[in-house]
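Below is one structure, written out as structure tokens; the observations come after it.
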Amino acid sequence: MKVLLMKPYSKELYKDMTDLICDSLEKYHGYTFVKLPVFQDGKDLKLWKPFDMELLKDKYDFIWAPYEPLIEVALRIKKMINAPVVGHFEIVPESKFSLEEIDRKQFEETKIADGRLNDYMAYKLMMDYYLCCDACTYLGQYEKYQMEKLYGNKIEKKLYDAPYTINNELFETLIEDVTPKHQIMSVFRLVSTKRAHHVIEALSLIDNPPKYVILGEGSEKEALEAFAKKLNVDVEFRGIVSDKEKAIVIQESLFSVHPWACLPIGETAFFKKPSICYFDSLVYERLGDLAVYVEKNNVRKLAFKIKELIDDESKRKLLGEKAHDTLINSKSRILLMKETSDTFNEIFKEGLQ
């Protein structure tokens with residue numbers, strides 16, 4: 001199949017999950033992808049990097065919008081090239097607005113802060129566009145429940161559960177015999193929703209805390225540096241690193257901590273390392289036994305679990321092996337490259353019939 005992909009904005013320092021899925025489909029099922037680096041600015045479509053527009057004259061089997069903000073763009077492109085659209089709705093962002101708050105305040109006829117109401121209305125519009133797609137993918141039953149709350153009605157259209165993937169084929173070349181250090185790690189954007197500040201606070205509550213290595217960058221870096229200094233916690237901010245360096249940091253760490261994440265936990269599991277994360281219905285539906293769960297936003301319980309895994313080497317090993325088994329035997333919704341390609345190939349074939 002030849003696919004026109006609505007390419008999400010990226011600094012292109014490394015392959016994102018969309019790129020990995022494309023790679024797997026090209027390798028195992030002979031797909032060809034043309035990646036259109038487009039976004040919508042008001043009513044205008046703009047490119048975020050150069051693109052040969054002559055390629056839009058080619059014939060495509062379908063257009064793929066891998067995230068909800070790109071679906072309206074894909075539907076506009078559909079009118080130009082007459083190809084069906086596969087759209088994916090990733091998440092209803094409760095961090096931007098609370099569906100319960102919106103419902104309550106509308107019932108009470110009280111004013112909602114303009115920014116939160118604007119976000120809410122924007123996502124309702126994205127949902128309308130999403131349901132106009134020829135085939136629709138989503139993250140699972142819990143997220144469908146959130147989508148139906150946003151939509152305000154039952155979604156009758158068939159939705160396809162799309163997995164995540166990790167680059168196991170690259171990681172297989174990066175396995176090293178590394179002696180673990182007295183350190184733990186995370187890899188995520190430095191934004192408040194990832195809750196790095198919870199990990200730093202938890203480390204301040206235990207004796208002889210390990211060094212904490214964070215891979216990633218973001219707007220909260222300076223605040224997190226100041227917070228770590230205030231609590232006297234040893235945190236190293238590595239920034240954006242190569243896949244090789246990330247693999248080394250995972251292997252030389254005792255385990256990882258990701259209060260809110262999915263993919264990094266799959267990557268950690270590949271190297272037989274356990275990951276601690278907060279329990280959330282959406283996360284649990286994705287991960288299953290890939291993670292070690294603690295009560296959401298309970299920093300003291302997070303500190304207790306970190307201390308427990310630091311002190312118990314045999315338990316760390318057992319949990320790491322359990323996570324690895326879950327990953328390689330497809331017992332979660334994070335799959336290896338080959339299994340991911342097979343799943344998406346079946347979704348595309350069935351959804352576009």
> Across segment 214-239, what is the number of residues that are surrounded by 13 or more Cβ atoms within 10 Å (Cβ to Cβ) and more than 18 Å from residue 202 (Cβ to Cβ)?
Replying inline: 6
> Within segment 286-307, how many residues turn out to be in contact with a Lys or Arg (Cβ under 7 Å, 6 or more places away or on another chain) and in a helix (DSSP H, G or I)?
Replying inline: 3
> Among the residues of segment 243-275 satisfying the criterion of being of a type in the set (Phe, Trp, Tyr) and outside any helix (DSSP H, G or I), which is surrounded by the most Cβ atoms within 10 Å (Cβ to Cβ)?
Replying inline: 255
>> Six or more apart or on different chains, Cβ atoms under 6 Å: show the pairs whose first residue is in segment 220-234 and in a loop (DSSP other than H, G, I, E, B) and whose second is basic (Lys, Arg).
In response: 234/211
>> Among the numbered criteria (1) surrounded by fewer than 19 Cβ atoms within 10 Å (Cβ to Cβ); (2) in a loop (DSSP other than H, G, I, E, B); (3) touching a residue at least 60 places away in the same chain (Cβ under 8 Å); (4) not aliphatic (A, V, I, L, M), which one does residue 201 miss?
In response: (2)
> What number of residues in segment 140-165 are at pLDDT below 95, of a type outside the set (Ser, Thr, Tyr), surrounded by 14 or more Cβ atoms within 10 Å (Cβ to Cβ) and within 19 Å of the chain's Cα centre (by Cα)?
Replying inline: 5
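Have a look at 341, 281 and point out the one that is surrounded by fewer than 17 Cβ atoms within 10 Å (Cβ to Cβ) and touching a Phe, Trp or Tyr at 6+ places or on another chain (Cβ under 6 Å).
That would be 281, the only listed residue that is surrounded by fewer than 17 Cβ atoms within 10 Å (Cβ to Cβ) and touching a Phe, Trp or Tyr at 6+ places or on another chain (Cβ under 6 Å).
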> Given (1) surrounded by fewer than 17 Cβ atoms within 10 Å (Cβ to Cβ); (2) acidic (Asp, Glu); (3) in contact with a Phe, Trp or Tyr (Cβ under 9 Å, 6 or more places away or on another chain), where does residue 169 come up short, assuming only one miss?
Replying inline: (3)
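Could you please let me know if residue 322 is closer than 24 Å to residue 259 by Cβ and assigned to a loop (DSSP other than H, G, I, E, B)? Talk me through it step by step, then tell me what you get.
Working: closer than 24 Å to residue 259 by Cβ: yes; assigned to a loop (DSSP other than H, G, I, E, B): no.
No: the conditions fail for residue 322.
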> Restricting attention to segment 166-201, which residues are over 21 Å from residue 252 (Cα atoms) and over 20 Å from the mean Cα position of the chain (by Cα)?
Replying inline: 201
> Mind checking which residues of segment 289-323 are more than 21 Å from residue 200 (Cα to Cα), surrounded by 15 or more Cβ atoms within 10 Å (Cβ to Cβ) and of a type in the set (Gly, Ala, Ser)?
Replying inline: 320, 323
>> I need the full set of residues from segment 29-70 which are without any contact (Cβ under 8 Å) to a residue 60 or more places away in the chain and among the aliphatic types (A, V, I, L, M), in order please.
In response: 34, 36, 38, 45, 47, 53, 55, 56
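Each row is one residue, and each column tells you yes or no for (1) in a strand (DSSP E or B); (2) in contact (Cβ under 8 Å) with a residue 24 or more places away in the chain; (3) of a type in the set (A, V, I, L, M, F, W, C).
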| site | (1), (2), (3) |
| --- | --- |
| 118 | no, no, no |
| 123 | no, yes, no |
| 132 | no, yes, yes |
| 136 | yes, yes, yes |
| 142 | no, yes, no |
| 150 | no, yes, yes |
| 173 | no, no, no |
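The values are calculated or read from the model by the stated rules, or taken from the named source; none is laboratory data. Here the structure is a predicted model, which means the values were calculated and not measured. FYI the Cβ positions are ideal-geometry reconstructions off the backbone, even for glycines, and counts take in every protein chain you see.
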